[in-house]
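The values are calculated or read from the model by the stated rules, or taken from the named source; none is laboratory data. Just so you know, these numbers come straight off a predicted model, no measurement behind them. Here the Cβ positions follow ideal geometry from the backbone for every residue, glycine too, while neighbour counts run over all protein chains shown.
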Amino acid sequence: KIKQMKNHNKNSKFEDVIKSAVFIDNTFLIKDLLITNGSVKLITAPRMFGKSTNLDMVKRFLEITVDEIGNRLEISDTANYNLFKTNGLNICKDEQFFKEHFGNYPVIYIDYNPLRTVSSFIELLNKLRIVISQTFSYHTYLTGNKKLWMDEEEITHFHNHITQGENRTLDKFDMSFSFQYLALLLKKHFRKKVFVLIDNSDAFVYNMIFKESPDMEAICSFMEETDGALLTAENLVSGGLLNGVLRVFRGSWGINVWTAQYLQEVEFSKYYGLTEPDLLQTLNKLFLDKKKRVEVKSYLDKNFGGYRLYTDGSDYVNMYSISSVVRYLTNGSNLGNYLCYPEYLDGWKSLFRTKDVSEAVTELLAGRELVVDIYEAFYKEHFLAIHNMIKHKKLLSQYGVEWFLRYLNRFGYLTPSEENKNGTNGKFKLPNQESRQYLLNLL
């Protein structure tokens, strides 16, 4: 057999999850992604709700598998085909869709997670070089296609993108258009538009909230330009999926991105977290004893459930934090933290000592509901307002508490009340004991 490209799937989150005893088959997400309106979609959900796993699943389904010099492999001989077919995943049952779309797209996969520590423009460029290097390293086979290059200088320019972590030869302009450049090469090579996958699309904003960032404007503008250069290139891009916790304002091109925010869009929210029917099915497999099943279900309801996904009118699906459920079912560990990364803990504690924030959180802990409007995207002004509350330990904007509550909601610490059936603006409350316990710890 022809040797396949170096395996970039060795750390595949999706492949690892399939091997788990608590695997939920969400592969129909792929079909919903491709057949619904909007070629580029942003899906938001709290941390640890399966975003990266789902993105990896989409990647493994769509990507064209090639050998070391860029020749397509027979689909049935690929590791991706074996992954889906051997495990009998649901999407394989739709034979026509599978035949039409499986292994049929050049894929650009970008993970912005390294940008999470950025608080200055220089740091952004340094971390973005790492992201560029990682993204281009998936496509080293392109150098084997002599028709792509006029001379050795062009090949060297391509290699410079792969080695950006070390040699730093690209200027700001090259970096901003690097992903568009890769899309152009892939389209020429495969004679087909690319599909873009971006993980942690909002990572660049987190550090700016907790650290002084005089370059906030420049950072946001540069990321807006970089992503916009790729995602607005309709002659190069057939579609895309971005994920993140927050819906960050992305300038004028952002209006063309179809957004599904968690617990607001039934069509996609059901694939992030764990639905009650899927939980029941899992418990039936794991626990033969009915009494034990009821006991475990009761514990999970109290501690990790309570997220209301309204489907039609007053009907709703109860959702659970999937990572918390898996952690409990596999090793018995209890309450976790997905509100913030450990390095931001001091910042959160400082924020919770702000009088107005403390009063709002105390209301939630007392079981009361608070009115919040959460539909809008986050603008840099929102991050700056939260940052200033932490810095000055007091409220400097009349909207500061609402922006904080909106932020809290996006991280999985609020759920719509029984009255709030559209999940956007109205009353919200704490969903479960896990969220309650962590807020208590911060107070």
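Quick notes on this structure:
- Boolean, GLY305 is closer than 30 Å to PHE222 by Cα and of a type outside the set (Asp, Glu): no
- Meets criteria (modelled with pLDDT under 95 and within 29 Å of THR53 (Cα to Cα)) for ILE155: no
- Number of positions in region 359-401 that are crowded, with 20+ Cβ neighbours inside 10 Å and without any contact (Cβ under 8 Å) to a residue 24 or more places away in the chain: 1
- Residue list for region 424-438, restricted to those being more than 21 Å from PHE304 (Cβ to Cβ) and either of a type in the set (A, V, I, L, M) or assigned to a loop (DSSP other than H, G, I, E, B) (or both): THR424
For every residue, the table says whether it meets (1) at pLDDT below 85; (2) part of a strand (DSSP E or B); (3) out of contact with any helix residue (DSSP H, G or I) (no Cβ under 7 Å at 6 or more places or on another chain); (4) under 24 Å from GLU224 (Cα atoms).
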site	(1), (2), (3), (4)
TYR375	yes, no, yes, yes
LEU396	yes, no, no, no
TRP403	no, no, no, yes
LEU440	no, no, no, no
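- Of all residues in region 407-423, exactly one satisfies the criterion of being over 21 Å from the mean Cα position of the chain (by Cα) and assigned to a strand (DSSP E or B), namely PRO416.
- Among the conditions (1) surrounded by 13 or more Cβ atoms within 10 Å (Cβ to Cβ); (2) within 24 Å of ILE219 (Cα to Cα), the only one that PHE352 does not satisfy is (2).
- Residues of region 166-186 satisfying the condition of being under 18 Å from TYR109 (Cβ atoms) and touching a Leu at 6+ places or on another chain (Cβ under 8 Å): MET175, SER178, PHE179, GLN180, ALA183, LEU184, LEU185, LEU186
- Options GLY38, GLY70; residue that is surrounded by fewer than 22 Cβ atoms within 10 Å (Cβ to Cβ), assigned by the TED database to the domain that holds ASN256, more than 27 Å from LEU280 (Cβ to Cβ) and modelled with pLDDT under 90: GLY38
- Considering region 166-223, and only residues there that are more than 24 Å from HIS139 (Cα to Cα) and among the polar types (S, T, N, Q), the residue that is surrounded by the most Cβ atoms within 10 Å (Cβ to Cβ) turns out to be SER213.
- When ARG250 is tested against the conditions (1) at pLDDT 95 or above; (2) outside any helix (DSSP H, G or I), the lone failure is (1).
- The strands (runs of 3 or more DSSP E) found wholly in region 257-326 and carrying at least 2 residues that are touching a strand residue (DSSP E or B) at 6+ places or on another chain (Cβ under 7 Å), among the aromatic types (Phe, Trp, Tyr) and closer than 28 Å to LEU33 by Cα occupy 307-312, 315-320.
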